[in-house]
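Any read-out appearing in this document is the output of simple, stated calculations on the displayed coordinates, not a laboratory observation. This structure is a prediction, so every number in the text was calculated from the model and none was measured. Don't worry about glycine lacking a Cβ; one is built from the backbone with ideal geometry, like all the others, and counts go over all protein chains shown.
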Ligand SMILES: [Zn+2]
């Protein structure tokens with residue numbers, strides 16, 4: 001349906017119309033897919049019509065009319081890579097490191113990821129829910145309407161499933177769409193020290209099938225790195241996911257180039273994430289497979305990395321680029337997706353248009369959700385209203401939150 005096409009069945013039937021807004025549709029063409037003085041009509045949680053106000057069909061009526069006061073309307077934001085469900089706290093460790101303790105000293109004292117795993121295993125589902133919803137709330141305050149949440153701090157069957165259940169419960173409790181990802185192959189649990197292949201066998205033989213059986217996972221992820229799992233081990237995890245019909249994603253080439261991007265592409269992964277060390281072969285493979293590159297500037301910043309992901313090469317190869325918080329206690333204690341827009345531009349040299357597409361259109365692609373991330377007829381009515389004069393402000397400003405209104409699936413959560 002084209003924007004200006006009259007809606008024969010729309011007369012008197014739309015639930016909602018937003019008028020007096022500038023639209024950042026994020027459709028390709030003009031930067032931001034911008035459309036001045038626009039209007040968006042919503043029916044049954046979807047966009048029924050949008051276009052310039054002057055083209056509004058005369059028959060179009062809506063039960064509720066919202067005035068956007070000239071603000072900008074974008075798709076609801078999508079954080080496509082988080083580990084936000086965990087227990088415990090790593091602030092002390094941050095402090096110890098700044099006082100000179102090495103990573104190894106902290107790890108020997110039981111710190112690092114092992115401490116998060118210990119606290120997470122000990123926490124009940126309600127304790128985890130409580131700890132995680134503070135982080136989720138901060139994302140929602142910045143216009144996030146869809147968030148991906150990974151497991152990966154359980155590293156045993158029971159706790160990995162518990163994390164996925166908590167992630168699902170967070171979605172229902174907070175009116176946000178949660179996509180769950182099983183990341184049992186995140187790190188080697190201490191009880192499997194020196195027996196990584198045995199742990200991978202547990203992941204493939206028990207944890208992946210259980211998560212699939214209980215319909216708790218929308219995708220399967222792994223961490224391919226010298227400090228985590230080898231390409232051969234990741235391959236076994238991906239094969240287990242494939243047997244269950246689950247799509248895959250990969251933490252790839254973050255600290256070294258183990259060929260993670262090419263491995264992700266070989267399995268048709270929805271996304272390959274981090275990619276600081278990916279080479280030309282990996283980038284070409286991503287382009288061929290249509291795999292999204294998810295860049296995580298928060299972790300790059302927090303770890304004080306110096307090698308940025310190959311943005312120029314990804315762009316030249318036509319690999320879609322998404323941006324996410326990577327919210328996690330160890331390497332990216334970030335709960336601001338807007339800050340990631342800024343860092344993607346300052347640290348990785350994305351344009352503000354690319355950065356905004358990275359948390360809308362391409363983030364939806366990274367999650368395999370073609371029904372959102374753009375403003376167009378037929379898409380989900382997830383709408384964020386921003387009190388800004390230009391969409392570049394979303395990436396430009398640091399520490400500002402200009403969110404003025406939020407609509408999710410046609411339900412008005414807030415409006416000025
Ligand atoms: Zn991650």
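Nearest 10 degrees, 0 to 90: what angle lies between the long axis of helix 157-174 and the longest principal axis of the chain (Cα atoms)? Result, in degrees: 20.
Counting every other Cβ atom within 10 Å of each residue's Cβ, 207, 47 order from fewest to most as 47, 207. For the residues 361, 288, 168, a GNM of the chain with alpha-carbon springs under 10 Å puts the largest fluctuation on 288. Its Kirkwood hydrodynamic radius, worked out from the mean inverse distance over all distinct Cα pairs, puts the chain at 21.8 Å.
Sorting 303-314, 63-74 by their mean Cβ neighbour count within 10 Å, with the most densely packed peptide first, gives 63-74, 303-314. For helix 280-289, what angle does its Cα long axis make with the longest principal axis of the chain, in degrees from 0 to 90 and rounded to 10? That works out to roughly 50 degrees. The angle between the Cα long axis of helix 125-140 and the longest principal axis of the Cα atoms of the chain comes to about 50 degrees, rounded to the nearest 10. Of the peptides 113-123, 262-272, the order by per-residue mean of other Cβ atoms within 10 Å, starting with the highest, comes out as 262-272, 113-123. Stretched out straight at 0.36 nm per residue, the stretch from residue 20 to residue 396 would grow longer than its current Cα-Cα span by 133.0 nm. Highest-first packing order for the peptide set 220-226, 169-175, 95-101 is 220-226, 169-175, 95-101, based on the mean count of other beta carbon atoms within 10 Å.
Label zone (residue 94, point 7 Å along Cα-to-C-beta; backbone nitrogen cut-off 15 Å) within region 120-161: 135. When the Gaussian network model of the chain links Cα atoms closer than 10 Å, the mean-square fluctuations of 77, 341, 50 top out at 50.
Out of every Cα pair in region 197-275, what percent are spaced more than 15 Å from each other? Beyond 15 Å sits 50 percent of the P(r) for region 197-275. Among 32, 192, the order by Cβ neighbours within 10 angstrom, fewest to most, reads 192, 32.
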